[in-house]
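So the structure is just underneath, and the comments pick up after that.
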Amino acid sequence: MDDELVLASALDLADLTTFMSRSAALGCEHVRVSAHGSLLVVSVGVLTRASLLDTTPIVLGVRVFELATPSRLDRVILVRALTDRLARVELTLPMPPVVPGVSWSGVAPPSGGWSPVGTVSEGELESIAREGIAEVASVSGKGAIIVARVRTEVWSRMRQLSGIEAPAGVAFAAYGLGFLSSDPSAAQEPSVVSVSRAANWTRFTSPRGHVILR
């Protein structure tokens, strides 16, 4: 298995650096890097489960990057460890040590068979995300346990997204990871995120990335 990855361009490096920075800001601790030839799929767990009995929805943020050197690699590492390597501003990234036992990394979305089911307004996603952020912020300072409980409750809460039922965590991931337009209201046509399903997975896709729900 390869122990380093070579990104295709400075743009890929900058985009991956931004993705990791945003992931860390959302509280994501681990990142899965999976190379398939010249494509690098990078996934973070925005909403995950603490145990086998936990029923919290799994919400992943996913971006795809290009590699200059084809690779076959699949490992889970710390976000901060990858961020440290990205800070060197070099296209060749030595891979940090593997982190075992990360629950959400053991379930991978299907690589094909996705069927379109509709679209969701970017403005609607942003509104739900901002509303949830404000609710979580309202308990700030009341103790880590209370904040963690409220955070899980808020982002697990089911919402109707243009007729598609999904937890609010989908909006939180799309907004917080920068997958939405910077100013959806400025576009002549309403900006939308396309939605597709495969088995028990749902994927929300914008030009900037994917949010995948299970």
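Within the range 13-30, the set of residues being assigned to a loop (DSSP other than H, G, I, E, B) and either touching a Phe, Trp or Tyr at 6+ places or on another chain (Cβ under 8 Å) or under 17 Å from His210 (Cβ atoms) (or both) comprises Leu26, Cys28. The set of residues in the range 101-117 that are small (Gly, Ala, Ser) and either over 20 Å from Ala173 (Cα atoms) or exposed (fewer than 14 other Cβ atoms within 10 Å of the Cβ) (or both) comprises Gly101, Gly106, Ser111, Gly112, Gly113, Ser115. Scanning the range 191-214 for residues that are small (Gly, Ala, Ser) and outside any strand (DSSP E or B) turns up Ser191, Ala199.
Filtered by the rule that a residue be of a type in the set (S, T, N, Q) and either at pLDDT below 95 or within 15 Å of the chain's Cα centre (by Cα) (or both), the range 1-37 gives Thr17, Thr18, Ser21, Ser23, Ser34.
Listed here are the residues, each with its yes/no results for (1) surrounded by fewer than 17 Cβ atoms within 10 Å (Cβ to Cβ); (2) in a strand (DSSP E or B); (3) not aliphatic (A, V, I, L, M).
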residue	(1), (2), (3)
Arg32	no, yes, yes
Thr55	yes, no, yes
Phe65	no, yes, yes
Arg72	yes, yes, yes
Ile77	no, yes, no
Leu82	no, no, no
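For Val120, the criteria (1) surrounded by fewer than 19 Cβ atoms within 10 Å (Cβ to Cβ); (2) at pLDDT 95 or above; (3) of a type outside the set (Ser, Thr, Tyr); (4) assigned to a strand (DSSP E or B) hold in every case but one, which is (1). Please tell me if Ile133 is farther than 17 Å from Ala173 by Cα, surrounded by 12 or more Cβ atoms within 10 Å (Cβ to Cβ) and either in contact (Cβ under 8 Å) with a residue 60 or more places away in the chain or not assigned by TED's automatic domain parsing to the domain that holds Val33 (or both). Answer is no for this residue. Where residues in the range 38-53 are at pLDDT 95 or above and surrounded by fewer than 17 Cβ atoms within 10 Å (Cβ to Cβ), which of them is farthest from Arg80 (Cα to Cα)? Top of the filtered list is Ser38.
Only a single criterion out of (1) at pLDDT below 90; (2) touching a strand residue (DSSP E or B) at 6+ places or on another chain (Cβ under 8 Å); (3) not in a helix (DSSP H, G or I) is not satisfied by Gly141, namely (2). In the set (1) part of a loop (DSSP other than H, G, I, E, B); (2) within 20 Å of the chain's Cα centre (by Cα); (3) in contact (Cβ under 8 Å) with a residue 60 or more places away in the chain, the condition left unmet by Gly101 is number (3). Taken as a whole, the range 88-107 holds at least one residue that is over 30 Å from Val154 (Cβ atoms), among the hydroxyl-bearing types (Ser, Thr, Tyr), modelled with pLDDT of 95 or more and not assigned by TED's automatic domain parsing to the domain that holds Leu177.
Of all the numbered requirements in (1) closer than 26 Å to Leu78 by Cα; (2) in contact with a strand residue (DSSP E or B) (Cβ under 6 Å, 6 or more places away or on another chain); (3) of a type outside the set (Phe, Trp, Tyr); (4) not in a helix (DSSP H, G or I), Glu165 misses one, and that requirement is (1).
The values are calculated or read from the model by the stated rules, or taken from the named source; none is laboratory data. Just so it is clear, the model here is predicted, and its values are computed rather than measured. Using ideal geometry, Cβ is built from the backbone for each residue, glycine included, and neighbour counts are taken over all protein chains shown.
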